[in-house]
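What follows is calculated from the coordinates using simple rules that are stated; it is not laboratory data. Not measured: the values here are computed from a predicted model. Heads up, the Cβs are rebuilt from the backbone with ideal geometry, glycines too, and the neighbour counts pull from every protein chain shown.
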Amino acid sequence: MLTQGDSTMQLFDFGDSTESNRWVAANDNVMGGVSTGLVSLTEDSCLLFSGSLSLENNGGFASIRTRPKDFVLGGYQGIRIRVKGDGRVYQFRIHVDDYFDAVAFKRDFQTTDDIWVEIDLPFASFVPTYRGRILENEKPLVAARIRQVGFLIADKSAGPFNLIVDKITAYR
């Protein structure tokens with residue numbers, strides 16, 4: 001669901017019980033790892049990204065992302081998220097195509113254990129990557145081309161993780 005204000009646009013309505021169906025998990029088991037990452041909705045209308053990171057079998061990442069759609073974000077300057085985490089570092093990721101395995105633009109962000117934080121992620125600060133490697137010659141992110149967004153954890157620290165997402169908005 002998209003709701004628009006003067007300078008922000010809400011990208012998701014986590015109060016909609018079908019919202020979790022718009023997200024899919026993609027974990028290191030696609031390459032032999034054994035990490036788990038799940039998406040669900042909380043009783044208080046937030047998105048929950050949780051699971052356990054494992055470094056076994058050369059693994060070490062878990063992620064969730066939206067199914068492809070046109071977000072219509074031309075003219076916006078970045079993404080603002082309101083999250084409560086577990087003190088670990090996560091990535092907000094953006095894809096400009098409909099493919100599962102393609103270039104992703106990433107921006108790391110730090111969470112504070114059990115504290116709500118609001119974080120601005122300017123589009124100009126996103127770095128192009130492919131399978132965890134930074135791409136030096138990739139063109140910069142173009143907001144008008146955004147087709148998928150998501151979260152990833154790959155902090156090389158095995159164990160459970162928990163990220164609660166209250167809001168994801170685009171800002172001008």
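Things to note:
- Given 14 as the ceiling on other Cβ atoms within 10 Å, longest exposed-site-free region of the chain for GluC sites (Glu not before Pro) in DSSP loops: 44-135
- Once the Cα-Cα distance is subtracted from the 0.36 nm per residue extended length, the Ser157 to Val24 segment shows a gain of 45.6 nm.
- Note: relative contact order over the chain, using C-alpha pairs below 8 Å and six or more positions apart, is 31 percent.
- Amide H contacts under 5 Å for Leu135: Thr129, Tyr130, restricted to partners 5 or more places along the chain or on a different chain, H placed in the peptide plane at 1.01 Å from N.
- Environment charge at Asp108 (Cβ cut-off 14 Å; Lys +1, Arg +1, Asp -1, Glu -1): +3
- Cα-Cα P(r), region 75-172, percent of pairs per 10 Å interval: 15, 47, 32, 5
- Taken over the alpha carbons of region 3-171 as equal point scatterers, the Debye sum produces base-10 log I(q)/I(0) values at 0.15, 0.17, 0.20 Å⁻¹ of -0.81, -1.07, -1.52.
- In sequence order, region 137-142 has phi-based couplings of 10, 7, 5, x, 5, 10 Hz under the Karplus curve 6.51 cos²θ - 1.76 cosθ + 1.60, θ = phi - 60°, and Gly or Pro positions carry x.
- Between Asp44 and Glu138, the C-beta separation translates, for a Förster distance of 45 Å, into a calculated FRET efficiency of about 0.70.
- In terms of other Cβ atoms within 10 Å, Ser50, Ser45, Ser17 run from fewest to most in the order Ser17, Ser45, Ser50.
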